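Step one of this worksheet: look at the structure below.
The values are calculated or read from the model by the stated rules, or taken from the named source; none is laboratory data. Every value quoted in this text rests on a predicted model; they were computed, and no experiment measured them. Here the Cβ positions follow ideal geometry from the backbone for every residue, glycine too, while neighbour counts run over all protein chains shown. Please note that ligands, DNA and RNA were not included when accessible areas were found on the heavy atoms of the full protein model with its side chains. Shrake-Rupley method; radii C 1.70, N 1.55, O 1.52, S 1.80 Å.
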Amino acid sequence: MEETLGEDPYLVATTGTAYVRGLESAGIIATLKHFAGYSASKAARNHAPVSMGPREFADVILPPFETAIREGGARSVMNSYADVDGMPAGADPGLLTRLLREAWGFEGTVVSDYWSIAFLRTMHRIAATDGEAGARALTAGIDVELPDTLCYGEPLAELVREGRVSEDLVDRAVRRVLRQKVELGLLDADFDPQVTDEGPIDLDPPAHRAIARELAEQSIVLLDNRHGHLPLAANTGTIALIGPCADDANAFFGCYSFPNHVLPHHPGHDNGIEARTLLDALATELPGTLIAYEQGCPVKDVDRGGIDAAVAAARQADVCVAVVGDRAALFGLGTSGEGCDVEDLSLPGVQDELVEALLATGTPVVLLVVSGRPYALGAYTDRAAAVVQAFFPGEEGGPALAGVLSGRLTPSGKLPVQIPRTPGGQPGTYLHAPLGGNTQGVSNLDPTPAYPFGHGLSYTTFTYHGFEVSAAEIATDGEVEISCLVRNTGDRPGSEVVQLYTADPVAQLPRPVTQLTGFVRVRLAPGEERRVTFRLHADRLAYTGPDHHRIVEPGEITVRLGASSTDIRLSGGIRLTGPVRRVGHTRVLHTPTYIT
């Protein structure tokens, strides 16, 4: 989960495209991965096959890639390891050539993931030799083999010499690679690959840290505060800070960060950057408060030896902050990261036992989860004093979390993926048709999450009113403005992420009961009110129809504005009129927003 931007295609398209645009604007070629379907593998296992129909593939998986190419200007794509409905992406000309290049107009390079071409022989078993694997990948449209030329070297050259692989395919790939090198200036006569020694390079300058701080502060999600124990009072006598992530700054980083990816192979070296633990940051944040720290248990190992000491500390404290979650690594060495898959969504190791023991003390427990995936928190929603979620907040995570706990910062993050109630409550997504929800009387299982997609609380309050729709009817190629007034009714400044959801109650095929169609962050002072407007084009309501063409069809559409996918404050409807309209790659992909 830590390598995704969320469970909604519009959210991922918007944030991913912004990321790509930033890289490309700096003269760097951004590579999109993994194209496509890798995030929907069976049983959520790394490299596992994908059993997904063509409509869901087209409407959920592909739009973020399409948007990042068309609007972000991405110039490179990396193929997925997985096969979709039996077809490995690395050998699929329908995906890498007919869709990507001919339909979408992509003119960049397609590169392989690590050994993904060789995997066509060793894992997918659709080639008998490395040369045959190379031939299938080259024919499909992969231009560059990474990290080695196991298949694109001599094995492929031999097939070309024998006439079994056309030289035209080699020329096609070479031409694409050379064109990009020319664009980057790498083939200029005066290009000097040597880096001039002008002293040490600062890889963590103040401007970068300021961005990291803003990201961390805005991404922290306050899930629950029904008992009002946050923010912590400045005169809190004693805080028991418990948990394996409380005094470990590397718990704030993902599996491909330098501290967790490289440094474990070089013991004795520090991180090379400042990254404060929550224990250190909270002591600075609340200098007059006594903080009693106990680890309680490790992140992963089944070791209950520290739970008794943690319980004792909690009993003697005025409030307990339990900091649980992940330690990222690779291929089973951690609890999150590539190849660190799990059988269910219980907290790793014996952390659930630690939380239960702390709750049993009677001391108010603030549950703080620092993780790379959403863990099942339904057992704690009614018993924890408050619940906070941070998805690997990075080098400024410690001060940001301390600031939220103390109240110096007002939380404003929203969930990019829902939090399940029970450990077996996934796979599941808010983006489901009616049969994917709570169909009472059909199944005894309730897939309702503990916290829904888009959810996130604040230390202030916001009201929505003044709902307006600019037209009751629009054509299937028209657009409409949907707006409302948002007011900060609390006593402190805060930011609200206003979310637009739409639904198609009656369509030719089952449609999601609700779907994110727009969102915008608005910052408001106490008592301040502003109008938020979404300009919704009918193209944004398109879906893949019965004949596998994307269409916009006439009929009633429900529009909703709210603070999450379930916290809807205002709603109305519009009618699409006219004929069923087929749309393609040139369709409108975004919903512009305006704050006045």
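How charged is the neighbourhood of HIS47? Take every other residue with its Cβ under 12 Å from the Cβ of HIS47, and add Lys/Arg as +1 and Asp/Glu as -1.
Spelling it out: positives minus negatives among the neighbours equals -2.
Name the shape class, rounded, prolate or oblate, that the alpha-carbon gyration tensor gives for segment 425-562, where a ≥ b ≥ c are the square roots of its eigenvalues, rounded holds for a/c under 1.5, and otherwise prolate holds if a/b is larger than b/c and oblate otherwise.
Here segment 425-562 falls in the oblate category.
I'd like the carbon and sulfur percentage of the solvent accessible area for the chain, probe radius 1.4 Å, heavy atoms only, ligands and nucleic acids excluded.
Looking at the chain in its full context, I get 52 percent from C and S.
Give me the compactness ratio for segment 105-228, meaning the Cα radius of gyration over 2.2 N^0.38 Å.
Normalised Cα radius of gyration, segment 105-228: 1.65.
Could you calculate the FRET efficiency of ALA475 with SER571 from 1/(1 + (r/R0)^6), where r is the beta carbon distance between them and R0 is 22 Å, rounded to 0.05?
In this case the efficiency is close to 0.50.
Rule-of-thumb check for the chain: C-alpha Rg over 2.2 N^0.38 Å?
The reported ratio for this selection is 1.03.
For segment 224-316, restrict the atom set to alpha-carbon positions and state the Rg and Dmax in Å.
According to the Cα coordinates of segment 224-316, Rg and Dmax are 15.7, 46 Å.
Using a Debye calculation, one point per C-alpha and no hydration shell, please list log10 I(q)/I(0) for segment 457-521 at q = 0.20, 0.22, 0.24 Å⁻¹ in order.
-0.96, -1.06, -1.16
Indicate, rounded to the nearest 5 percent, the antiparallel portion of the DSSP beta bridges found entirely in the chain.
Expressed as a percentage, antiparallel bridges in the chain total about 60.
If you roll a 1.4 Å probe over the heavy atoms of the protein chains, what accessible area per residue do you get for the chain, in Å²?
Each residue of the chain exposes 45 Å² on average to a 1.4 Å probe.
Counting only C-alpha contacts under 8 Å and six or more residues apart, can you give the relative contact order of segment 448-590 as a whole percent?
Computed value for segment 448-590: 29 percent relative contact order.
So for segment 1-120: antiparallel DSSP bridges make up what percent, rounded to the nearest 5?
Details: 2 of 9 bridges.
Here the share of antiparallel DSSP bridges comes out near 20 percent.
State whether segment 244-292 is rounded, prolate or oblate according to the following rule on the C-alpha gyration tensor (a ≥ b ≥ c being the square roots of its eigenvalues): a/c under 1.5 gives rounded; otherwise a/b larger than b/c gives prolate, and the remaining case gives oblate.
Prolate shape, in that a/c is at least 1.5 and a/b is the bigger ratio.
Relative contact order, percent, of the chain when contacts are C-alpha pairs under 8 Å separated by at least 6 residues? It would help to have the intermediate numbers written out before the result.
Numbers: 1321 pairs, mean separation 67.2, N = 596.
The value is 11 percent.
Send over the per residue convex hull volume for segment 359-435, Cα only, as a whole number of Å³.
Considering the Cα atoms of segment 359-435, their hull volume per residue is 126 Å³.
To the nearest µm²/s, what D does Stokes-Einstein give for segment 296-369 at 10 °C and 1.306 mPa s, using the Kirkwood radius over alpha carbon pairs as Rh?
Roughly 123 µm²/s, to the nearest whole number.
Sort the following peptides by mean Cβ neighbour count (other Cβ atoms within 10 Å, averaged over residues), highest first: 572-585, 278-291, 240-253.
On the way: 572-585: 15.1, 278-291: 18.1, 240-253: 25.4.
Ranked from most to least packed, the peptides come out as 240-253, 278-291, 572-585.
Evaluate the Kirkwood expression for the hydrodynamic radius of segment 492-596, namely the inverse of the mean inverse distance over all pairs of different C-alpha atoms, and round to one decimal in Å.
Every distinct Cα pair counted, the radius reaches 15.1 Å.
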